[in-house]
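Readers should treat all values here as calculations from the given coordinates under stated rules, not as data from a laboratory. Computed from a predicted structure; not experimentally measured. Heads up, the Cβs are rebuilt from the backbone with ideal geometry, glycines too, and the neighbour counts pull from every protein chain shown.
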Amino acid sequence: MAELTHLNEKGLPTMVDVSEKKVTQRKAVARSIVELPQVVYEQLTNGDIQTKKGSVFQTAIIAGIMASKKTGELIPLCHPLGLDNCSINIQIDNNNLIIDCTASITSKTGVEMEALMGATIAALTVYDMCKALSHDIVIKEIQLMEKTGGKNDFKRT
């Protein structure tokens, strides 16, 4: 049976000790899906939405990358990591935005939380920049799609 890793033998919160782990190349991909109401979707021009605040997608990409880099400051038991790379890709599928965040590092610990944070904040940035058009924007899901390089690799099918 799997056990929670962020609790010590007394059941108290603790950071996972990675000192004995091997340094490996690690990568994680997380996805958020944002459903746009028709009034927002109709604002798409040349693959982006322009607002008084600027390009929605470009701003979301920058926000997602910045958030990934700050994950260890925002989630209490995450290790602070210096990412080797982080990228955000936004695709349009009907009225949905598919936001993928890929984070990678050569380290003793993985980057799932960094990828999840990037996808999440990119989605929230889209919401923030488009909420003047409609509050019916829905962030439908945020999930880990893939992780490699650790003890247990994972790929969502």
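Remark: the residue 6-residue 94 segment gains 27.7 nm on full extension, using 0.36 nm per residue and subtracting the alpha carbon distance. Computed from backbone phi, the HN-Hα couplings of the stretch 143-148 come to 8, 6, 9, 6, 8, 9 Hz, rounded to whole numbers (Karplus: 6.51 cos²θ - 1.76 cosθ + 1.60, θ = phi - 60°; Gly and Pro given as x).
Using a Gaussian network model of the chain with C-alpha springs under 10 Å, which one of 140, 53, 22 is most mobile by mean-square fluctuation? Comparing 140, 53, 22 in a Gaussian network model of the chain, the most mobile one is 53.
Ordering 107, 75, 38 by Cα displacement along the dipole of the chain toward the positive end leaves 107 in first place; charges were set at the Cβ atoms of Lys, Arg (+1) and Asp, Glu (-1). For the stretch 86-157, the relative contact order comes to 22 percent (Cα pairs under 8 Å, sequence separation of at least 6).
Between the helical axis of 112-130 and the longest alpha-carbon principal axis of the chain there is an angle of about 20 degrees.
The gain in end-to-end length when the residue 20 to residue 153 segment is fully stretched comes to 46.0 nm, 0.36 nm per residue minus the alpha carbon separation. Around the Cα centre of the chain, unit charges on the Cβ atoms of Lys, Arg, Asp and Glu (plus for the first two, minus for the last two) sum to a dipole of about 320 debye.
Give me the distance between the Cα centres of the stretch 44-79 and the stretch 83-135, rounded to whole Å. Here the answer is 7 Å between Cα centres. Remark: the Cα gyration tensor places the stretch 24-148 in the prolate category, a/c being 1.5 or greater and a/b exceeding b/c. Under 8 Å for C-alpha pairs, at least 6 residues apart: give me the relative contact order for the chain, rounded to a whole percent. Answer for the chain is 36 percent.
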